[in-house]
Every structure is written in structure tokens, then in C-alpha cells.
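*Asks:* Before we start, here is the structure in question, set down as C-alpha cells.
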Amino acid sequence: MLVDQTLEKLNAMKLHGMANYLRSWVEKPGDKGLSATDLVGLLADAEWMYRENKKLTSRLQHAKLRQQACLEDIDYAHARGLTKPQVLELSTSKWVADRQNVLLTGPTGVGKSFLACALGQKACRDGFSVVYRRASRLFDERNRPANDVP
């Protein structure tokens, strides 16, 4: 069948998003009233989304975030001296684009690591590369000679 050959070619060209969408579109009953340009547009969108998701997954794996955290899960009732407008400002990732730093301080157990992971996850979603380090490890890495980096 022509569709099977097309799927093989799409996969051979590493157009996996298009191949997956085409496979599901062919298997879906009805909904075949699309014009050729609409179908090509949907295939291109599927490939773009597949690649964006793959890049995001790669950035999140490389970041090695300690916790599964996102800004939407922050509990503002927790007493950490952080207001919702401050978090909304940080959630824009403008500070990353401007090459600024965010330093989180406070007593044990107030959620500094959670907030750091949430900010890192949001920066990854915004297309930035992130790496999570505790302060002690970061200082050790910064003090290590350049030729001694693992």
C-alpha cells in the first residue's frame, strides 16, 4: 500500500512526527474531508510539535532537576517571603535572557529547591538550557582547575 511506503520514507528521513500523525490520520474513521494543503499543514505542525517536545525532553534530562516541580504548583500560603507578583516576574524567564542570577536563601524546609526546580523547568519550557546544582557542588566545580572537569 502507498501509505506504508510513505510511512517508511518519512521514518527513514527522521520525520517521525509526520509519520505518527499520518498513521493516526489514516487509522481514524471519517475526518477525511481535508484538502491536501490542510493535511500538509497538519503534518508539518505534527512534526514541529514532535521536535519541540523532543528538545524539551532533552533539556529537562540535561538539567538534572532534583524534583518534578512547576511554577503552577507553588503554594503561596507557605511562609517563604515570596509573593505571587515576584514569582510571576521570574516566570517570564526574562532574567535568564538578560543573563541575570536568582539567589534563593532561607531556612531548611521552606522550598528553595522546589522553587529552583520550578524556575529551571519553566526556563527549559521557554527554550533555555538549564543545569541544577546545589551551592556546595557549584562551588566545588567552580574551584576545580579547568583541565580537571569530568
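The values are calculated or read from the model by the stated rules, or taken from the named source; none is laboratory data. Please read all numbers here as calculations on a predicted model, not as lab measurements. With ideal geometry, Cβ positions are generated from the backbone for all residues, glycine too; neighbour counts draw on all protein chains shown.
*Asks:* Against the definition (within 24 Å of Gly17 (Cα to Cα), of a type in the set (A, V, I, L, M), outside any loop (DSSP other than H, G, I, E, B) and out of contact with any Asp or Glu (no Cβ under 8 Å at 6 or more places or on another chain)), how does Leu39 come out, yes or no?
*Replies:* It is true that Leu39 is within 24 Å of Gly17 (Cα to Cα), of a type in the set (A, V, I, L, M), outside any loop (DSSP other than H, G, I, E, B) and out of contact with any Asp or Glu (no Cβ under 8 Å at 6 or more places or on another chain).
*Asks:* Within the stretch 111-133, take every residue that is touching a helix residue (DSSP H, G or I) at 6+ places or on another chain (Cβ under 8 Å) and of a type in the set (D, E, K, R) and give me the one that is nearest to Thr57 (Cα to Cα).
*Replies:* Arg125
*Asks:* Is the stretch 74-93 home to any residue that is assigned by TED's automatic domain parsing to the domain that holds Ser136, in a loop (DSSP other than H, G, I, E, B), among the aromatic types (Phe, Trp, Tyr) and more than 16 Å from the chain's Cα centre (by Cα)?
*Replies:* yes
*Asks:* Quickly run through the stretch 6-35 and pick out the residues that are among the hydrophobic types (A, V, I, L, M, F, W, C) and either surrounded by 16 or more Cβ atoms within 10 Å (Cβ to Cβ) or touching a Phe, Trp or Tyr at 6+ places or on another chain (Cβ under 8 Å) (or both).
*Replies:* Passing the criteria: Leu7, Leu10, Leu15, Met18, Ala19, Leu22, Trp25.
*Asks:* For Gln86, all conditions in the list (1) among the polar types (S, T, N, Q); (2) within 30 Å of Gly17 (Cα to Cα); (3) surrounded by fewer than 12 Cβ atoms within 10 Å (Cβ to Cβ) hold save one; what is the number of the exception?
*Replies:* Looking at each condition in turn, Gln86 falls short on (2).
*Asks:* Sort through Ser58, Ser35, Ser24 and tell me the only one that's within 30 Å of Arg133 (Cα to Cα) and free of Cβ contacts under 8 Å to residues at least 40 places away in the same chain.
*Replies:* Just one listed residue meets the conditions, Ser58.
*Asks:* Restricted to the stretch 97-139, and to residues that are of a type in the set (Lys, Arg) and not in a loop (DSSP other than H, G, I, E, B), which residue is farthest from Thr83 (Cα to Cα)?
*Replies:* Arg137
*Asks:* What's the number of the only condition in (1) surrounded by 10 or more Cβ atoms within 10 Å (Cβ to Cβ); (2) modelled with pLDDT under 90; (3) not in a loop (DSSP other than H, G, I, E, B) that Arg142 fails to meet?
*Replies:* Status for Arg142: all satisfied but (1).
*Asks:* Take Arg59 and tell me if it is within 28 Å of Phe139 (Cβ to Cβ) and either small (Gly, Ala, Ser) or touching a helix residue (DSSP H, G or I) at 6+ places or on another chain (Cβ under 7 Å) (or both).
*Replies:* yes
*Asks:* Which one of these is surrounded by 13 or more Cβ atoms within 10 Å (Cβ to Cβ) and on the phi > 0 side of the Ramachandran plot: Gly109, Gly127?
*Replies:* Sole residue among the options that is surrounded by 13 or more Cβ atoms within 10 Å (Cβ to Cβ) and on the phi > 0 side of the Ramachandran plot: Gly127.
*Asks:* Just give me the residues in the stretch 1-35 being charged (D, E, K, R), closer than 25 Å to Asn53 by Cα and in a loop (DSSP other than H, G, I, E, B), in sequence order.
*Replies:* Within the stretch 1-35, Lys14, Lys28 qualify.
*Asks:* I've got another one for you. For Ser24, only one of the following conditions fails: (1) out of contact with any helix residue (DSSP H, G or I) (no Cβ under 6 Å at 6 or more places or on another chain); (2) farther than 17 Å from Asp126 by Cβ; (3) in the same structural domain as Phe128 (by TED's automatic domain parsing). What is its number?
*Replies:* (3)
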